[in-house]
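Presented below is the structure to which this report refers.
The values are calculated or read from the model by the stated rules, or taken from the named source; none is laboratory data. Since this is a predicted model, take the numbers as computed values, not measurements. Neighbour counts run over all protein chains shown; Cβ positions are idealised from the backbone, glycine included. Calculation scope for accessible area: heavy atoms of the full protein, side chains included, ligands and nucleic acids excluded. Shrake-Rupley method; radii C 1.70, N 1.55, O 1.52, S 1.80 Å.
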Amino acid sequence: MNTLKRPARGMGRKPVSIGQYGTQDAIWRAIRELLTFTQVQLVSYVNNKVEVNDHTVNSYLERLLNAGYLSVEKLPKHRGVCVESTYTLIKNTGVETPRLRKDGSKVTQGLGRECMWRSMKTLGEFDWLELVSVINADGYLVSEASAKEYCKILAQAKYLIVVRQGRGSIRSRYRLLPSKWTGPRPPQIQRTKSLFDANLNKVVWQRGPRGGDV
């Protein structure tokens, strides 16, 4: 297993201005553009677009190395000074950012919601049960309660149009507004029941104290 030298405590740290998804997306895009780089070059390149610290970059590089996305040339010390290693992208899987654990295994949590979000774009008109059927047929597990809540919150946030209001045993039908397709990352329902759009890097809707919009 490849290991990288971590920066000294308190050195080279900058506040991260965006969430984990946005940070990893920026790093992955930079890697695909640079192809061969040192860690210092990568941090500098990413910081031209978003603020990210070298510890975060180091951690993601380690994950990519363990998953086989990168190769590394570890250079020996020259006159007692450690020369920085050079990394090369050897497994370019496209624009979709690899979500990886520390050991390089894939993170599967949240894939069902990503699949829901993509399916909303391709299905056109749907209800929450049709959405569950499509997702589960693709091999992902999404509960009916989760799909129902996701559709409801997205409709309240004006991402979905209610084509037909549900009543009794009749389920509501929805359509995704084309202007609300903000990117491939699914909007996330936070604990406060607000909606965070990682593609825009901001909270786009928040439930009021009486259940209405803020």
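Total residues in segment 117-145 satisfying the condition of being open to solvent by less than 80 Å² (accessible area, probe 1.4 Å), in a helix (DSSP H, G or I) and in contact with a helix residue (DSSP H, G or I) (Cβ under 6 Å, 6 or more places away or on another chain): the figure is 6. Screening ASN66 with (1) more than 19 Å from the chain's Cα centre (by Cα); (2) closer than 24 Å to GLY183 by Cα gives one miss only, at (2). Scan segment 34-58 for residues that are in contact with a Leu (Cβ under 9 Å, 6 or more places away or on another chain), among the polar types (S, T, N, Q) and surrounded by fewer than 16 Cβ atoms within 10 Å (Cβ to Cβ) and the total you get is 2. ARG191 passes every criterion in (1) part of a helix (DSSP H, G or I); (2) open to solvent by 80 Å² or more (accessible area, probe 1.4 Å) apart from (1).
Scanning segment 157-188 for residues that are of a type in the set (Ser, Thr, Tyr) and exposed (fewer than 12 other Cβ atoms within 10 Å of the Cβ) yields a count of 2.
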